[in-house]
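The values are calculated or read from the model by the stated rules, or taken from the named source; none is laboratory data. Just so we're clear, the structure is a prediction, and the values are computed from it rather than from any experiment. Because the Cβ atoms are built from the backbone with ideal geometry, glycine has one as well, and the counts that use them run over all protein chains shown.
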Amino acid sequence: MSIYLPIAELPVNLFLILSLGIAVGFLSGMFGVGGGFLMTPLLILVGIPPAIAVASVPSHMAAASLSGAMSYWRKRLVDVGLGLVLLSGGILGTAFGVWFFAFLLQAGQLDLVVGLFYVILLGIVGGIMLVESVRAMVRAHHGAPPIVRRPGTHAWFHGLPLKLRFRQSRIYVSAIPVTLIGFGIGFFGAIMGVGGGFLLIPALIYLMRVPTTVSVATSLFLTLCTMLIATVLHAVENHTVDIVLALILMIGGVIGAQFGVRAGQAIRAEQLRLLLGLLVVGVAIRVAVDLVAHPEELFSVVATESLR
Amino acid sequence: MNCTGVGGFGFGALALGAGLLAAAPATAERLVTSASTHRVLISSNFTGTDLVLFGAIEDDDTPSSRASGYDIVVTVRGPARTFVTRRKDRVLGLWVNMDSRVFIEVPSYLAVLSSRPPAKIASPEFLRRLRIGVANHTLPQQIGSDFADVVPQDPFRVAFLRVKDNEGLFNEEPQGITFLTPTLFRTTVPIPGSAPTGNYEVETLLISTGKLIARETTAIEVVKTGFEALVAQEAHDHGFAYGLVTALLALVTGFLATFIFRRD
C-alpha cells in the first residue's frame, strides 16, 4: 500500500517505512540508543531525499526515547543539572548544525561530509565498543573480576573555571567541557540526523566519570530535548520536515522500542555492547564503501528550489 | 486555472466548450484535442496516473486525406525549474562532487509522444526548430552571468537528460500515438508519482510531409489536494508552528505507547 509524502513529494510503501520504524525502534530500545544512525541511512537507501530524511528522523527519535526517558525520570536517575548544562551547549550546536546543513546542501557537499562523519565517528565509537566488550567477555570467561573504572584521576579540563557540582552524577567539573560536549552532540546530531547517544554516553562515562546508569538516563533525556528542538529548527530553517513520514516512523518506532527494551533485558551487558559495536561498525563500513566505490551514476541533479 | 503560453485557451474554450481547443488554422486541416482531465489531483494514495489525450484532425475538403498521411507529435512540458547538475570526481580515493552546471528554467517534466520516430517525420532542422524530441529542447546553462544552451554532446547536458529519464520524468515514446481512424488519434501520457506540481503545457503538432500543418496547445495542472495541500502549505508558510505540531505529535505518540504498553 502506497502513501504520498506531501513534503518529499513522492509516494512510498507504507509497510516498508513502518517496518523500518519498528526494526530501528526495536534496536534502539534494545541498546538504549536513539537509532538515528541506522534510520537516516536506511531512509536515504529507500529513496527519501537526504534533506527530508535528516529533518524527519529527529521526531521519530523523540517519540521512541520518550518512554525510556519517562521511566528513568520516575526512578530519579536523570541528572537534570548536567542535562541542562549539556542542553545549553546542545541548542547552540543544533542551531549551528542546522545552519551548516543548509550550507552543505547549497554547496553540494552534504553527502560527502555526512558520509565522512558517519565513517569517522561510527568507526571510532564502534571500534572502541568492540574491543572493550571483547575484553570484558574474555575477562568474564577467565573468571577475573570486572575492572571498575572510577579511578578519580584528574584530567586537564578539571583545572578550568566555572566549576559546578552535579550531585546525581557525583562529579564536580567546569561547565566549559560539559557545554562543549553538548555543543558537539547537537552539531553532529543536526547534520547526521542522529540523536548522538552513541557519542554522549561514552563521553559522559569515560571523560566525565559519570555513573553508567545516570549517563544513559541523562543521555536519553537530552536526546528527547535536542530532537524536539531539531525538529522545530529544521521546520523553520529548511522546511524539510515531512510530518507524514515522521508519523509513520514514530508509530513503528514506539512499538518496536517496547519489544526491544524487553529483548535487551534478556541479554548480558557485554554481549549487548558487542552486538551494538558490530552494528555501529557495520554501518560505518557500509557508508565507507559508498564513498570509495565507483558510483554507477557520476552525475546528480537537484532542483535549486529544494535547496531551501 | 491560470496557464501561461496557452494564448488560444480562453477563446478556444468558449468556441468549442471546455476541454476542446482549436488553434487558428493556416491550412485546411484543424486540430482538436481533449485531455481526460485538466487537473491531476495528488491525494494521499497518489502513485502516478495516466493522462489520456484524444485528438481529431478536421478537414474542410471532405475527401482530403493527404496521400502521405499525417504525423502527430504530442509534447508535454512540466513547470520550469532551475536544476544543479553535479559531477563526482575521484579525490584522495573518495568520490566527491566537483564540477557543476546550473540549468536555468528548464522543464521539470517532459514527455514526447509521436506517431513515428521523429527522425522519420521531418528534417533535423525542423525538429530542432519546433523542439521535437527530448534532446532538441533548449536547456540553457548558466555561463558566468550569462546563459545559453550548449552543444548536444555536452556531458552535463547528456547526463541531465539521462538522470531525468531514469527518474521517469523525461519520456520519449516514438510510437506513442495510436490512430483510431485516419483522422482520430489517442495517446497516453504517464504522470509518475514523483511528478512536480504545477502547470503542464500540452502541445500537439500535426505534421505532413515534413511540414507543420497545425498546432494546438492546452494545459493541465498537477496539484496537491486536501490534506497534502494543507501540509505542504503549512510547512512552507508557518515553519515554526508546523515544527511545534510535529514535535507535539512525537510526544503524544511516545506517551500513548508508554500508556498502552505499560506492564503494571
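Descriptive notes on the structure:
- Residues of the stretch B:223-255 satisfying the condition of being modelled with pLDDT under 90 and more than 33 Å from the chain's Cα centre (by Cα): B:254, B:255
Here is a yes/no grid of residues against (1) surrounded by fewer than 19 Cβ atoms within 10 Å (Cβ to Cβ); (2) under 22 Å from residue A:131 (Cα atoms):
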{"site": "A:269", "(1), (2)": "yes, yes"}
{"site": "A:277", "(1), (2)": "no, yes"}
{"site": "A:292", "(1), (2)": "yes, no"}
{"site": "A:295", "(1), (2)": "yes, no"}
{"site": "A:303", "(1), (2)": "yes, no"}
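- Of the residues making up the stretch A:199-213, those that are buried (at least 24 other Cβ atoms within 10 Å of the Cβ) and part of a helix (DSSP H, G or I) are A:200, A:204.
- Which listed residue, of A:252, A:260, is more than 16 Å from the chain's Cα centre (by Cα), more than 8 Å from chain B (Cβ to nearest Cβ), within 30 Å of residue B:235 (Cβ to Cβ) and small (Gly, Ala, Ser): A:252
- In the set (1) more than 10 Å from chain B (Cβ to nearest Cβ); (2) surrounded by fewer than 24 Cβ atoms within 10 Å (Cβ to Cβ); (3) over 20 Å from residue A:182 (Cβ atoms), the condition left unmet by residue A:47 is number (1).
- Only one of B:115, B:145, B:108 that is in the same structural domain as residue B:219 (by TED's automatic domain parsing) and touching a Pro at 6+ places or on another chain (Cβ under 6 Å): B:108
- Scan the stretch B:141-170 for residues that are within 14 Å of chain A (Cβ to nearest Cβ) and not acidic (Asp, Glu) and the total you get is 17.
- Wholly within the stretch B:87-194, helices (runs of 4 or more DSSP H) carrying at least 3 residues that are in contact (Cβ under 8 Å) with a residue 12 or more places away in the chain: B:155-166
- Some residue of the stretch B:68-79 being within 11 Å of chain A (Cβ to nearest Cβ), assigned to a strand (DSSP E or B) and touching an Asp or Glu at 6+ places or on another chain (Cβ under 8 Å): no
- Every test in (1) of a type outside the set (Asp, Glu); (2) crowded, with 18+ Cβ neighbours inside 10 Å; (3) touching a Leu at 6+ places or on another chain (Cβ under 6 Å); (4) within 14 Å of another protein chain (Cβ to nearest Cβ) is passed by residue B:94 save one, and that test is (2).
- As a summary of the residue check, residue B:154 satisfies the conditions (1) in contact with a Gly (Cβ under 9 Å, 6 or more places away or on another chain); (2) surrounded by 14 or more Cβ atoms within 10 Å (Cβ to Cβ) except for the one numbered (1).
- For the stretch A:1-17, taking the residues that are out of contact with any strand residue (DSSP E or B) (no Cβ under 8 Å at 6 or more places or on another chain) and within 13 Å of chain B (Cβ to nearest Cβ), the one that is surrounded by the fewest Cβ atoms within 10 Å (Cβ to Cβ) is identified as A:9.
Yes/no matrix, rows are residues, columns are (1) touching a Phe, Trp or Tyr at 6+ places or on another chain (Cβ under 8 Å); (2) of a type in the set (Val, Ile, Thr); (3) surrounded by fewer than 19 Cβ atoms within 10 Å (Cβ to Cβ):
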{"site": "B:132", "(1), (2), (3)": "yes, yes, no"}
{"site": "B:144", "(1), (2), (3)": "no, no, yes"}
{"site": "B:158", "(1), (2), (3)": "no, yes, yes"}
{"site": "B:162", "(1), (2), (3)": "yes, no, yes"}
{"site": "B:171", "(1), (2), (3)": "no, no, yes"}
{"site": "B:181", "(1), (2), (3)": "no, yes, yes"}
{"site": "B:197", "(1), (2), (3)": "no, yes, yes"}
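- Set A:228, A:247, A:278, A:274: member being within 10 Å of chain B (Cβ to nearest Cβ), part of a helix (DSSP H, G or I), modelled with pLDDT of 85 or more and closer than 29 Å to residue A:124 by Cα: A:228
- Meets criteria (more than 7 Å from chain A (Cβ to nearest Cβ) and either exposed (fewer than 15 other Cβ atoms within 10 Å of the Cβ) or over 13 Å from the mean Cα position of the chain (by Cα) (or both)) for residue B:220: no
- Counting the residues of the stretch A:89-113 that are surrounded by 16 or more Cβ atoms within 10 Å (Cβ to Cβ) and closer than 22 Å to residue A:219 by Cα gives 8.
- Of all positions in the stretch A:81-95, none carries a residue that is within 14 Å of chain B (Cβ to nearest Cβ), modelled with pLDDT under 85 and part of a helix (DSSP H, G or I).
- Among the residues listed as A:73, A:99, the single one being in a helix (DSSP H, G or I), in contact (Cβ under 8 Å) with a residue 24 or more places away in the chain, more than 12 Å from chain B (Cβ to nearest Cβ) and not small (Gly, Ala, Ser): A:99
- Looking across the stretch B:219-264, the residues that are in a helix (DSSP H, G or I), touching a Ser or Thr at 6+ places or on another chain (Cβ under 7 Å) and over 20 Å from residue A:233 (Cβ atoms) come down to B:226, B:227, B:228, B:257, B:258.
- Verdict on residue A:65 being surrounded by fewer than 18 Cβ atoms within 10 Å (Cβ to Cβ) and either hydroxyl-bearing (Ser, Thr, Tyr) or not in a helix (DSSP H, G or I) (or both): no
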